[in-house]
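To start, the structure itself, in structure tokens.
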Amino acid sequence: MTIESGSQQRPVSQELYIKLAAAFLVVVLAAWSFIFRGRKGSIPPGPFPLPIIGNLHMLGKLPHRTLASLSVKYGPLMSLRLGSTLTLVVSSSEMAREFLKTHDQLFASRAPSAAAKCLTYNCSGIEFAPYGAYWRQMRKLCVLQLLSPKRLEYFRFIREEEISAMIRCIVNSDDPRPLNINQTVSSLATAIICRMALSRKYSDQDLRSFSSMLRESFMLLGSFNIGDYIPYLDWMDLQGLNRRMKKIQKTQDYFLQKVIDERVAQNDPNVPRDLLDALLATSADTEFQLSPDSIKAVLFDMLLGGSDTAPPIIEWAMSEVLKNPLVLTKLQHELEHVVGFGRIVCETDLPRLVYLQAVVKETLRLYPQGPFLFRHLSAEARNVAGYEIPQNTSVLVNVWAIGRNPESWKNAESFQPERFMDGVGSEVDASGDQNLDWLPFGAGRRRCPGQQLGTLIAELGLAQLLHCFNWRLPLDDMNGQNQELDMIERFNGITFPRAHELFAIPTPRLECVADLK
């Protein structure tokens, strides 16, 4: 009897535990729903979050597309719970103006992340530093030494030399395979920024290794790291991101420290001053001292931004041009008219290459250098657009969605450079203010200071490639005809690369280029 009783009681006990667990789960969900609905009226609408993870499970492989789709249902200002973090998603130019213009100072700080702390020395660079005196001083120093119109004009010879070197490299290549456009222009941009900021010229192998390191850094800085949103799970490193951060940070720190040590040992007063010299001089300033880590963080920010702004613009523009023969014909006719067949393009030609500029702007509209701006952070609670926004709320501006908003752009999904040649330009609206329908470089206090440099490299690089060469896609092994060119992107953190790198076959178009062989 005792044995039978025990065997009958065991299932009852298990069933009781299951019922208690289910009841506990229902209570937790009900409490969560009550708390969430209690606050729902004061914050922008958004999808219902799950306990603990919030809406993290909804992001998918292409978060910019997912959030753009959700904004159709919930509106241009939408709230998400990413773990324990309240995040607002901005998907229209009107809402972007609220956060980047009207309340710009309030949202001028950056939302911290594990990657930013690890790779930018506890956020002591420019891009991720909190808004304040330190950030203003560092930004001012970098603009004066590297990015002002005067300094950009001074460094023009570097850009023209490196782009000419790229053309010679393409002409004299013995590799029978199609040219990897991304690899080619990434080496170009990295070579330019290294010479501008460090006065150093590196080998092709060094540039490829350096570009690879920077691409990994971009991915880590823009990833949705579970540990950032659910802090008590950070130690588990569920995505393996923390291990990758530590590994790449060691490589990065070794490189930057070596650059600094070599410059300190050199101490040659006859060498023209560059950004690194200015940072070292500031570190000795008694009024505003910079730590060694701060110097490395600022250098890293400049190298990061300078090396990966132009390459995706050129690759996406080349992709669209190869898909649209009419655009290619218009571009080459303009180049023939402005430059002629007797020489290659000079940077002084760019102001007259109006259609080329329109192609670059249209490329940035459809394929911004990053699908999102870096996350902004509210410094205090404030009413914005009729909603009560709590302190420390993250703001994510979906640049990809704004650039494809059908309410702002006619035939928004079509590549039509002509839209930037009619009436008001892309960067200003009818009142002379910045046009927030076109936001690839951000706006307000945190607007990218390297916009002019990135645009110059993209325009000159693209013009040179299309003027010096005719291009065709590789043949398909299956049918012997030119391959179909897909326009699929992948999410790579804060960058916006093609899912498959562009390969194309160049043929010299100018006699002066053919003679370089």
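Residue separation times 0.36 nm, minus the C-alpha to C-alpha distance between K61 and H500: what's the value?
So the extension gain works out to 156.5 nm.
Going Cα to Cα from K258, which aspartates and glutamates come in below 18 Å? Please leave out same-chain ones fewer than 8 positions away.
Result set, ordered by chain and number: D206, D268, D274, D277, D293, D301.
Positive end of the dipole of the chain, charges at C-beta (+1 Lys, Arg; -1 Asp, Glu), about the Cα centre: which of M58, M236, T282 has its Cα farthest in that direction?
Among M58, M236, T282, the one farthest towards the positive end of the dipole of the chain is M236.
What do you get for Rg/Rh of the range 42-127 when both radii come from the Cα atoms and Rh is the Kirkwood radius?
Numbers: Rg = 14.4 Å, Rh = 14.5 Å.
Computed over Cα atoms, the ratio is 1.00.
Okay, helix-only estimate at 222 nm for the chain: each DSSP H run of n ≥ 4 adds -39500 (n - 2.57), divide by all residues, round to 500 deg cm²/dmol; what do you get? Don't jump to the answer; show the numbers that get you there.
On the way: 19 runs with 254 residues, N = 517.
Taking each H run of at least 4 residues, the total per residue is -15500 deg cm²/dmol.
What does the charge count around P312 come to, taking other residues whose C-beta lies under 10 Å from its C-beta (Lys +1, Arg +1, Asp -1, Glu -1)?
It works out to a net charge of -2.
Cross-link candidates for K247: which lysines have Cα within less than 16 Å, leaving aside residues fewer than 8 places away along the same chain?
Answer for K247, where 16 Å is the Cα cut-off: K117, listed by chain and number.
If each residue of separation counts as 0.36 nm, what is the full-extension length gain between R177 and A133 once their alpha-carbon separation is subtracted?
Computed gain between R177 and A133 is 10.7 nm.
When N is the residue count of the chain, what does its C-alpha Rg come to as a fraction of 2.2 N^0.38 Å?
1.10
Convert each backbone phi in the range 347-356 into a coupling constant with the Karplus relation 6.51 cos²θ - 1.76 cosθ + 1.60 (shift: θ = phi - 60°), then list the ³J(HN,Hα) values in order as whole Hz, x for Gly and Pro.
5, 5, 6, 4, x, 8, 8, 5, 5, 4
Under a 5 Å amide H to amide H cut-off, with H placed in plane at 1.01 Å, what residues pair with V384 once short-range neighbours are removed?
Residues meeting the criterion, in which the H sits 1.01 Å from N, are I389.
Relative contact order (percent) for the range 129-270, with alpha-carbon contacts under 8 angstrom and 6 or more residues of separation?
15
At S148 and A412, where each label point lies 7 Å from the Cα along Cα→Cβ, what is the point-to-point distance in nanometres?
About 4.1 nm, to one decimal.
Once fully extended, how much extra length lies between R447 and C512, figured as 0.36 nm per residue of separation less the alpha-carbon to alpha-carbon distance?
That works out to 19.4 nm of additional length.
In whole Hz and in residue order, list the ³J(HN,Hα) couplings for the range 238-249 that follow from phi through the Karplus curve 6.51 cos²θ - 1.76 cosθ + 1.60, θ = phi - 60°; x for Gly and Pro.
Working through the residues one at a time gives 4, 9, x, 6, 5, 5, 5, 4, 5, 5, 6, 5 Hz.
What residues qualify as long-range amide H neighbours of L50, i.e. H under 5 Å apart, gap of 5 or more or another chain, H built at 1.01 Å from N?
N55
For each of L377, L233, count neighbouring Cβ atoms within 10 Å of the residue's Cβ, then give the residues from fewest to most.
Working: L377 18, L233 14.
Neighbour counts put them in this order, fewest first: L233, L377.
Mind ranking 90-101, 499-510 by how tightly packed they are, going by the mean number of other C-beta atoms within 10 angstrom, highest first?
On the way: 90-101: 22.5, 499-510: 15.9.
The densest-packed peptide leads the list: 90-101, 499-510.
What spacing in nm lies between the two simple spin-label points modelled at V354 and I488, each 7 Å away from Cα in the Cβ direction?
Result for the modelled spin labels: 4.0 nm.
Can you give me the distance in nm between label points at F157 and D253, each placed 7 Å from the Cα along the Cα-to-Cβ direction?
Here the answer is 3.8 nm between the modelled labels.
Using only alpha carbon pairs under 8 Å that are at least six residues apart, calculate the relative contact order of the chain and give it in whole percent. Please report the intermediate quantities before stating the final value.
Working: 716 pairs, mean separation 115.8, N = 517.
It rounds to 22 percent for the chain.
How high is the FRET efficiency between N122 and L475 when r is their beta carbon distance and R₀ equals 35 Å, given to the nearest 0.05? Write out the running numbers ahead of the final one.
Values: r = 52 Å, r/R0 = 1.47.
Efficiency for this residue pair is about 0.10.
Read the figures in this text as sums done on the coordinates, not as results from a lab. Values in this document were obtained by computation on a predicted structure and should not be read as measured data. Cβ sites come from the backbone with ideal geometry, for glycine too, and all protein chains shown count toward neighbours.
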